[in-house]
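Chemist: Got a structure for you, written out below as structure tokens; questions coming shortly.
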Amino acid sequence: MSRKLIRDEDPGEYFVGYLDAPKVDRRYLLGLSVLGLGIAGGAGALLAKKQGGAGQGSWDMATQVTLSGYLSETPYPLLRTTGLDGSMQTVLLACDTKCGAQEKLAAASVAGDRVNVRGSLIQRGRHVMMAVANEDDWISADQTLPARLTGFDEEDLGMVELNGEILDSKCWFGAMRPNEGAGHKACAMLCIAGGLAPYFYARDRLGRSRAMMITDPEGHALVQPILRYVADPVRVTGRVHRIEDLLQLRLDPADLTRV
């Protein structure tokens with residue numbers, strides 16, 4: 001009788017920890033990786049699409065300019081100068097970090113309100129700010145400017161009720177991206193607490209937007225009482241004043257509510 005050799009059926013490749021992965025496992029893992037990257041990329045694109053734009057603001061840190069005009073330290077440091085079209089233009093003043101120019105102005109002790117100021121410009125549309133130079137001669141008196149015989153043109157535009165967001169002017173003008181919303185809340189609070197002018201940004205149902213400097217009802221600086229509302233969706237009732245080209249939203253913090 002012949003003897004028949006009986007062989008076990010070939011089980012194929014299988015995983016052994018100290019050997020190379022079998023081809024079937026490599027193909028599976030490669031396909032799974034490609035699928036995961038596709039899902040992650042799609043989710044990232046969807047989230048990015050839902051984010052608000054960073055705006056058209058910019059900060060030309062490499063270029064310093066000198067502006068001549070009339071200095072005001074209230075409600076926040078600013079310079080009123082002449083724009084390219086010959087009209088009055090308000091330029092807010094700040095240091096080069098998260099602070100206003102209050103301390104630098106106190107140290108400079110310039111006599112009078114007719115001055116030359118040097119620094120780099122932060123611009124977003126018609127909104128302009130200067131990050132003043134660090135050198136001691138960043139500001140100087142300018143007696144060639146005519147003395148002001150009257151105050152600046154001011155108009156009470158009446159009461160408004162608005163929905164919007166409190167943000168810091170420097171970042172929103174163009175110093176930081178993102179510059180609004182919850183992702184910028186901590187930065188905005190530090191900037192406003194450091195003396196940078198708070199602004200109220202509102203958008204109506206037609207998509208039109210407007211940013212206005214925030215002050216108290218008398219037109220003075222308003223900081224601590226509004227910090228907890230910064231970067232949150234809020235509703236406010238206040239009075240709008242126009243001083244030359246600058247709009248002020250004068251409000252009582254008691255009239256701020258989250259929405």
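The values are calculated or read from the model by the stated rules, or taken from the named source; none is laboratory data. Bear in mind that the values here come from a model prediction, so they are computed numbers and not experimental data. Glycine also receives a Cβ, built like all others from the backbone with ideal geometry; neighbour counts cover every protein chain displayed.
Chemist: Filter the stretch 163-181 for residues that are closer than 26 Å to Glu218 by Cα and either loosely packed, with under 10 Cβ neighbours inside 10 Å or touching a Gly at 6+ places or on another chain (Cβ under 8 Å) (or both) and give the result.
Modeler: Matches in the stretch 163-181: Glu165, Trp172, Phe173.
Chemist: Please go through the stretch 110-133 and pick out each residue that is assigned to a loop (DSSP other than H, G, I, E, B), on the phi < 0 side of the Ramachandran plot and either more than 21 Å from the chain's Cα centre (by Cα) or surrounded by fewer than 17 Cβ atoms within 10 Å (Cβ to Cβ) (or both).
Modeler: Val110, Ala111, Asp113, Arg126
Chemist: Which condition number does Ala175 fail, the rest of (1) touching a strand residue (DSSP E or B) at 6+ places or on another chain (Cβ under 6 Å); (2) closer than 17 Å to Met129 by Cβ; (3) of a type in the set (Gly, Ala, Ser); (4) modelled with pLDDT of 95 or more being met?
Modeler: Tallying (1) touching a strand residue (DSSP E or B) at 6+ places or on another chain (Cβ under 6 Å); (2) closer than 17 Å to Met129 by Cβ; (3) of a type in the set (Gly, Ala, Ser); (4) modelled with pLDDT of 95 or more, Ala175 fails exactly one: (4).
Chemist: Let me ask another. Being buried (at least 18 other Cβ atoms within 10 Å of the Cβ), over 11 Å from Glu165 (Cα atoms) and not polar (S, T, N, Q) narrows it down to one residue among Leu190, Leu222, Leu227; which is it?
Modeler: Residue meeting the stated conditions: Leu222.
Chemist: Looking for whichever is touching a helix residue (DSSP H, G or I) at 6+ places or on another chain (Cβ under 9 Å), outside the structural domain of Gly119 (by TED's automatic domain parsing) and of a type outside the set (Phe, Trp, Tyr) here; the options are Leu190, Leu227, Leu246, Leu206. Which one fits?
Modeler: Just one listed residue meets the conditions, Leu227.
Chemist: State which residue pairs qualify: first residue at negative phi and inside the stretch 198-220, second residue surrounded by fewer than 17 Cβ atoms within 10 Å (Cβ to Cβ) and assigned to a loop (DSSP other than H, G, I, E, B) in any location, beta carbons under 7 Å apart, and separation of 6 or more residues or different chains.
Modeler: Listed by first residue and then by second, the contacts come to His220/Thr74.
Chemist: Would you confirm whether any residue within the stretch 93-111 is under 13 Å from Leu67 (Cα atoms) and either assigned by TED's automatic domain parsing to the domain that holds Pro253 or touching a strand residue (DSSP E or B) at 6+ places or on another chain (Cβ under 6 Å) (or both)?
Modeler: So far as the stretch 93-111 goes, yes, one or more of its residues are under 13 Å from Leu67 (Cα atoms) and either assigned by TED's automatic domain parsing to the domain that holds Pro253 or touching a strand residue (DSSP E or B) at 6+ places or on another chain (Cβ under 6 Å) (or both).
Chemist: Quick check on the stretch 143-162. Is at least one of its residues small (Gly, Ala, Ser) and crowded, with 20+ Cβ neighbours inside 10 Å?
Modeler: no
Chemist: Can I ask one more? If you go through the stretch 214-255 one residue at a time, how many are assigned to a strand (DSSP E or B) and either of a type outside the set (Asp, Glu) or touching a Gly at 6+ places or on another chain (Cβ under 6 Å) (or both)?
Modeler: 21
Chemist: Is at least one residue of the stretch 35-48 in a helix (DSSP H, G or I) and either over 30 Å from Gly181 (Cα atoms) or at pLDDT 95 or above (or both)?
Modeler: yes
Chemist: Just for the stretch 93-109: of the residues that are of a type in the set (Gly, Ala, Ser) and part of a helix (DSSP H, G or I), which one is surrounded by the most Cβ atoms within 10 Å (Cβ to Cβ)?
Modeler: Step by step, filter the stretch 93-109, then rank; the result is Ala108.
Chemist: Give all pairs with beta carbons closer than 6 Å in which a residue from the stretch 61-90 that is farther than 17 Å from Leu196 by Cβ meets a residue that is in a strand (DSSP E or B) and of a type in the set (Lys, Arg); count only pairs at least 6 apart in sequence or on separate chains.
Modeler: That search, which allows pairs on different chains as well, returns Gln64/Arg118; Thr66/Arg118; Gly69/Arg80; Tyr70/Arg80; Met88/Arg80.
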